[in-house]
Amino acid sequence: MKLLIIYCDTFAYITSIKNLESVEEYHESKSVTDALVGFIQVEQKDEDTISGVETKLVKNLKWAAKKNNTKRIVLHSFAHLSTSKADETITLELFNRAEERLNNAGYETSQTPFGYFLDLNVQAPGKSLARVFKEF
């Protein structure tokens, strides 16, 4: 898994182009403030150890949220960090389980629309630990 974490003063998106046939057609626009955004690339090699990958994902997001003093986390499927991609159903299942675990731990967690290219607006401060990259 590749994980790019960006703390955002504001993170906003609008659905643009549907790129997976298996997802429903819909349009969404959302904006959150004071949020940690995880740009997540689940790779094919992660499929064999998905439970451990999920645990590492959740721990890293909680750590970064604490360092940036926020309780808001956005999970964003970002299939641009690697050429290797996990099966879409495994990726979505991982996102759903991670969201549930984070919510149960007291975080306000959401996901961007899965299977869509999005128009993004990212306003991120230039401070220590506002941007972190992890690979596991």
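The values are calculated or read from the model by the stated rules, or taken from the named source; none is laboratory data. Everything numeric here is computed off the predicted structure, so don't read it as measured data. As a convention, Cβ positions derive from the backbone with ideal geometry for all residues, glycine included, and neighbour counts pool all protein chains shown.
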Extreme residue, nearest to residue 112 (Cα to Cα), among residues of the range 1-45 that are under 14 Å from the mean Cα position of the chain (by Cα) and hydroxyl-bearing (Ser, Thr, Tyr): 13
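Based on what the data block shows, is residue 83 of a type outside the set (Gly, Ala, Ser), loosely packed, with under 15 Cβ neighbours inside 10 Å and at pLDDT below 95? I'd like the intermediate steps shown before the answer.
Working: of a type outside the set (Gly, Ala, Ser): yes; loosely packed, with under 15 Cβ neighbours inside 10 Å: yes; at pLDDT below 95: yes.
Judged against the criteria, residue 83 is a match.
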When residue 97 is evaluated against the numbered criteria (1) under 13 Å from residue 5 (Cβ atoms); (2) charged (D, E, K, R); (3) in contact with a helix residue (DSSP H, G or I) (Cβ under 8 Å, 6 or more places away or on another chain), which criterion, by number, is the only one it fails? (1)
For residues that are part of a helix (DSSP H, G or I) and of a type in the set (A, V, I, L, M), scanning just the range 86-100, find the one that is surrounded by the fewest Cβ atoms within 10 Å (Cβ to Cβ). 90
Checking residue 110 against (1) more than 14 Å from residue 2 (Cα to Cα); (2) buried (at least 18 other Cβ atoms within 10 Å of the Cβ); (3) touching a Leu at 6+ places or on another chain (Cβ under 9 Å): exactly one of these is not met. Which one? (2)
Can you say whether residue 103 is part of a helix (DSSP H, G or I) and either among the aromatic types (Phe, Trp, Tyr) or more than 18 Å from residue 46 (Cα to Cα) (or both), as far as the supplied structure shows? yes
Which of the residues spanning the range 21-49 are touching a helix residue (DSSP H, G or I) at 6+ places or on another chain (Cβ under 6 Å) and either exposed (fewer than 11 other Cβ atoms within 10 Å of the Cβ) or not small (Gly, Ala, Ser) (or both)? 36, 42, 46, 47
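Within the range 72-87, can you find the residues that are farther than 15 Å from residue 111 by Cβ and touching a helix residue (DSSP H, G or I) at 6+ places or on another chain (Cβ under 7 Å)? Give the derivation first.
Filtering the range 72-87 down to residues farther than 15 Å from residue 111 by Cβ leaves 80-87.
Residues satisfying the conditions are 84, 85, 86, 87.
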Please enumerate the residues belonging to the range 17-35 that are without any contact (Cβ under 8 Å) to a residue 24 or more places away in the chain and farther than 16 Å from residue 92 by Cβ. 25, 27, 29
Of the residues in the range 62-80, those that are buried (at least 19 other Cβ atoms within 10 Å of the Cβ), polar (S, T, N, Q) and either in contact (Cβ under 8 Å) with a residue 60 or more places away in the chain or within 15 Å of residue 47 (Cα to Cα) (or both) come to 68
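Condition first: surrounded by fewer than 21 Cβ atoms within 10 Å (Cβ to Cβ) and touching a Leu at 6+ places or on another chain (Cβ under 9 Å). Now tell me which residues in the range 7-16 satisfy that.
Within the range 7-16, 12, 14, 15, 16 qualify.
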